[in-house]
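Each remark here refers to the structure printed beneath this line.
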Amino acid sequence: MGKKKSDSETSKPLYAADINFPRTHFFYEYEGERAVDPAVLVENGILLWHEQIHANELDDISPLWAFAEAELEKQGQAPTHSDLEWLRQQIIVNAMAPDSWNKHEPYPYKGLLIAALYLQEARRLCQVGDTSRVWHIIALAYYNLGLNTTKSASHTFATYAANEKVEDSEYKRAIVLQVLKRLEGDTSITNVAQAKRAVIDFIQSYKDKKGNPLLLSELEKLDRLTPKGSKHSDTNGAIDRLESTLNSWAGRNSPYPEMADAFAAFDRRMAPFVSSETTAVVPARTTSESFEFETTDYHTRIFNLLANGDVLSLRLAHNQDQ
């Protein structure tokens, strides 16, 4: 008789999950080679775009969809190129980003913004029957969508990680700036000291969907990269060192003006008046499109699109029993 498997062995996933790959995949030739309507590729691309917005763990960047739509409506603005390609060039060279973004750093969601522009233009072309131009636009939409395919906000900002220097890396500053952005609406923060404390508390308490301390984990990883011989105390943890670093960044003589400005925005003489009227709650991560994402605990789902319009779906769960 064979050796009986333990509970830990039998509960292992049938296939390993890849957190750096999107959850949803479309297959078009389940029944063999065939032509595919470009409009189908466009609509599936739009779903995949929204899945990335839904999966983002730090920022609600769903307003990018409406931002892209508004930019597409501005016809005849390009001195060279087509209007669409001019917009892409402006984004690539960091000349275009939403007004809400801190202009001191490159916009980390350029791929998603370009994909939103190209997907919406491709949809328009399909609706008017212009199939001669639509194919390269679909290709560029998917390409740029792939540039921002991520399961973790930490991976998004890892692109901007500097080299392995002490605490003052671009990666750490990017994390702090994003946390400050999330704290902007907290009216209980009325001075810089409270803002620094709130940043520390947010980093310590922020968890991903599995309950793991996402930002704290990234901070500790970065802290371990600190070269030996640099100003690094063995007696203090990553949070203690960050707290010391924030004192430098938030001060008047900060080496990073964008950090000082971000903290200074919280330096109010008194907390703003809060109206007793109920404010309408705007759902996060929504656009003019209508998508409902499943909450089932699967790491991959595959849609096989059949020639007759039917769909065969497959979902790979984290547990074999699911």
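The values are calculated or read from the model by the stated rules, or taken from the named source; none is laboratory data. Everything numeric in this text was worked out from a predicted model, so none of it was measured. Every residue, glycine among them, receives a Cβ derived from its backbone with ideal geometry; neighbour counts consider all protein chains shown. Remember, those area values only see protein heavy atoms, side chains included, never the ligands or the DNA or RNA. Shrake-Rupley method; radii C 1.70, N 1.55, O 1.52, S 1.80 Å.
Any residue at all in the range 128-138 that's of a type in the set (Val, Ile, Thr), in contact (Cβ under 8 Å) with a residue 24 or more places away in the chain and open to solvent by 20 Å² or more (accessible area, probe 1.4 Å)?
yes
Within 30 Å of Val179 (Cβ to Cβ) and assigned to a helix (DSSP H, G or I) - does that describe any residue in the range 94-111?
Within the range 94-111, one or more residues are within 30 Å of Val179 (Cβ to Cβ) and assigned to a helix (DSSP H, G or I).
Select from the range 203-223 the residues that are crowded, with 18+ Cβ neighbours inside 10 Å and either under 19 Å from Met259 (Cβ atoms) or among the charged types (D, E, K, R) (or both) and list them in ascending order.
Correct list: Ile203, Leu215, Glu218, Leu219, Leu222, Asp223.
Looking at Leu242, is it modelled with pLDDT of 85 or more and surrounded by 10 or more Cβ atoms within 10 Å (Cβ to Cβ)?
no
Pick from Glu33, Glu43, Glu69, Glu85: which is at pLDDT 90 or above and over 26 Å from the mean Cα position of the chain (by Cα)?
Testing whether each residue is at pLDDT 90 or above and over 26 Å from the mean Cα position of the chain (by Cα) leaves just Glu33.
Yes/no matrix, rows are residues, columns are (1) within 30 Å of Pro255 (Cα to Cα); (2) in a helix (DSSP H, G or I); (3) at pLDDT 95 or above:
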| residue | (1), (2), (3) |
| --- | --- |
| Gln120 | no, yes, yes |
| Lys181 | yes, yes, no |
| Gly185 | yes, no, no |
| Ala195 | yes, yes, no |
| Asp201 | yes, yes, no |
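Check off (1) among the small types (Gly, Ala, Ser); (2) more than 19 Å from Thr24 (Cα to Cα); (3) at pLDDT 50 or above for Ala161 and give me the number that stays unchecked.
(3)
Output the qualifying pairs, or none if there are none: Cβ atoms under 6 angstrom, residues six or more apart or on different chains, first residue in the range 86-99 and touching a residue at least 40 places away in the same chain (Cβ under 8 Å), second residue β-branched (Val, Ile, Thr).
Arg88/Ile114
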